[in-house]
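Participant: Attaching a single structure in C-alpha cells format; questions to follow.
The values are calculated or read from the model by the stated rules, or taken from the named source; none is laboratory data. Just so it is clear, the model here is predicted, and its values are computed rather than measured. Cβ coordinates were reconstructed from backbone atoms using ideal geometry, including for glycine residues, and neighbour counts include every protein chain displayed. Note: areas computed on protein heavy atoms with side chains; ligands, DNA, RNA excluded. Shrake-Rupley method; radii C 1.70, N 1.55, O 1.52, S 1.80 Å.
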Amino acid sequence: MASTSIETAAVAKTSKGRSKPDRFAPNYWPFVIPALIVIAAVIVFPWVFTLWMSVNSWTLGQSQVFAGLDNYARLVVDMRFWDSLWHTVLYTTLSVVVPLFLGTLAALIFDAQFPLRGLIRGIFVMPMMATPVAIALVWTMMYHPQLGVLNYLLSFIGIGPQEWIYNQSSVIPSLVLVETWQWTPLIMLIVLGGLAAVPREPYESAEIDGANVWQKFRYLTLPMIAPFLMIAVIIRSIDAVKSFDIIYAMTQGGPGTASETINIYLYNTAFAYYDIGYGSAMAVVFFILIVLLSFVLMMLRQRVNWSDGEAR
C-alpha cells in the first residue's frame, strides 16, 4: 500500500513537471542568430553576389549588363586562363612534393639523438614564422642577377650567374624554392609528431631479423606515418593553391605571364583591368576546382586511414 502511494505521488509530480508552460523551456536561438547573421554577411552574401556578377558584363565605371554564361564561355577560349591554370598546377605540385620530401628527411634527422638537437630544431623552424611579404623582399634581393648573394655564392663553385625570377624558364622553380624554404619546417613538425607516436618494438624485432635502415623505413616507418604525411599534403596543397602574396610581391606574375597563377590573373582581371564580371566568373571556376581538389584529398585521406586500420 505504501509503495503504491509513493508511485502515485511520483507520477503526479512528473505530470505536474511536464505541464509547465513551454515558455519556461530554455531557448538557445538568441545565441545562434548573431553567428548566423555574421556567416551570412561574411560568407553567404559575397558568394551569392559573386555568382550574380559572374553572369553579368560589368567593367568598373560602366553600366552593368546581363550576359548569361558569356563570361564562362569566354574562359573556355582564353589561353591566358589555361596558362595560368597550368602554372597553378605546376606551382602547387612542386610546392607540395619538394617540402614533403625535405620535411620528412629533416624529421628523420631530428628524431635521432645528437648534441644541440633542440637548438638546431628551433633555428630550423624560424622561417615559417616570418611574414610572406618580408620573405619575398629578402629573396628578391638575393635573386638579383648582379647584386644577389646567391649568384655570388655560386661563383665560388664555378657556376655562372643565374637569372632566377627574371627568366621565364626558371621563375616558377625559383618561387618554389622560397616556398620550400618557408614551409619545410611545418612538414618537419607534422612528421616529427608522427614519429613520436611510432612504437619502438617493431624496430627491435626488425633488427633481430636483420633488416637494414631502408627496409625499416620502407616497411615500418613509412606505413605508420602515412596518415601524418597525408595531413601534411592536405595542408600544403590548400596553402599552395591559394598562394598570392609571395608571387605578387616578387614577380607580379612576370616575366610576362610566366608565373601568373589563377590568383594573380584573377586579381589583375578584376582590380587592374576592372573587368569585374569576367573576374567573378574566374573566381567561381577557381572555387569549383578547389572544392574538387579538397574532395580528392579527403578521399585519399580516408583511404590512408582505412589501410592503416587494416594493417593494425
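Participant: Only Cα pairs within less than 10 Å get springs; with that Gaussian network setup on the chain, which residue of I246, I33, I262 has the largest fluctuation?
Facilitator: Between I246, I33, I262, it is I33 that shows the largest mean-square fluctuation.
Participant: Using a Gaussian network model of the chain whose springs link C-alpha atoms within less than 10 Å, name the residue from V32, V97, V213 with the highest mean-square fluctuation.
Facilitator: Maximum fluctuation in the GNM of the chain, among the listed residues, is at V32.
Participant: Now, a different point. Which of R236, R200, R121 moves most in a GNM of the chain, Cα contacts under 10 Å?
Facilitator: Of R236, R200, R121, the Gaussian network model singles out R200 as fluctuating most.
Participant: Between S57 and residues 5 or more places away or on another chain, which pairs have amide H atoms under 5 Å apart, with H built 1.01 Å from N, and which residues are they?
Facilitator: Residues meeting the amide H criterion: V65, F66, A67.
Participant: Further, regarding this structure: Pop a pseudo-label 7 angstrom from the Cα along the beta-carbon direction at both V42 and D239 and give the gap in nm to one decimal.
Facilitator: Output for this residue pair reads 2.2 nm.
Participant: Moving on. Leaving ligands, DNA and RNA out of it, report the carbon-plus-sulfur percent of the accessible area of segment 211-291 at a 1.4 Å probe.
Facilitator: 68
Participant: Along the Cα-to-C-beta direction of Q64, a point sits 7 Å from the Cα; which residues of segment 260-301 have their amide N less than 17 Å from that point?
Facilitator: Correct set: 270-271, 274-284.
Participant: List the relative contact order of the chain as a percent without decimals, with contacts defined as Cα pairs under 8 Å and 6+ residues apart.
Facilitator: Details: 291 pairs, mean separation 86.5, N = 312.
Normalised by residue count, the contact order of the chain is 28 percent.
Participant: Add -39500 (n - 2.57) for each DSSP H run of 4 or more in the chain, then divide by its residues: what number comes out at 222 nm, to the nearest 500 deg cm²/dmol?
Facilitator: Numbers: 15 runs with 208 residues, N = 312.
My calculation for the chain gives -21500 deg cm²/dmol from helical runs alone.
Participant: Using a 1.4 Å probe, what is the accessible area per residue for segment 77-302, in Å²?
Facilitator: Per-residue accessible area for segment 77-302 comes out at 52 Å².
Participant: Still on this structure, I have one more. For labels at L116 and R303 in the simple 7 Å Cα→Cβ model, what's the distance in nm?
Facilitator: Here the modelled spin labels are 4.4 nm apart.
Participant: Determine the dipole magnitude for segment 77-302: charges of +1 sit on the beta-carbon of Lys and Arg, -1 on that of Asp and Glu, nothing else is charged, the reference point is the Cα centre, and the result goes in debye to the nearest 20.
Facilitator: Working: 9 positive and 13 negative charges, 60 e Å.
With only Lys, Arg, Asp and Glu charged at Cβ, the dipole is about 280 debye.
Participant: What net charge do the residues around E179 carry, taking every other residue with its C-beta under 13 Å from that of E179, with Lys and Arg at +1 and Asp and Glu at -1?
Facilitator: Result for the neighbourhood of E179: 0.
Participant: Sum up the charges of everything whose Cβ sits under 13 Å from the Cβ of T269, counting Lys and Arg as +1 and Asp and Glu as -1, but leave T269 out.
Facilitator: -1
Participant: Could you sort 187-193, 107-113 so that the peptide with the highest average Cβ count within 10 Å comes first and the rest follow in order? Intermediate values should be presented prior to the final figure.
Facilitator: Numbers: 187-193: 22.0, 107-113: 15.3.
Packing order, densest peptide first, comes out as 187-193, 107-113.
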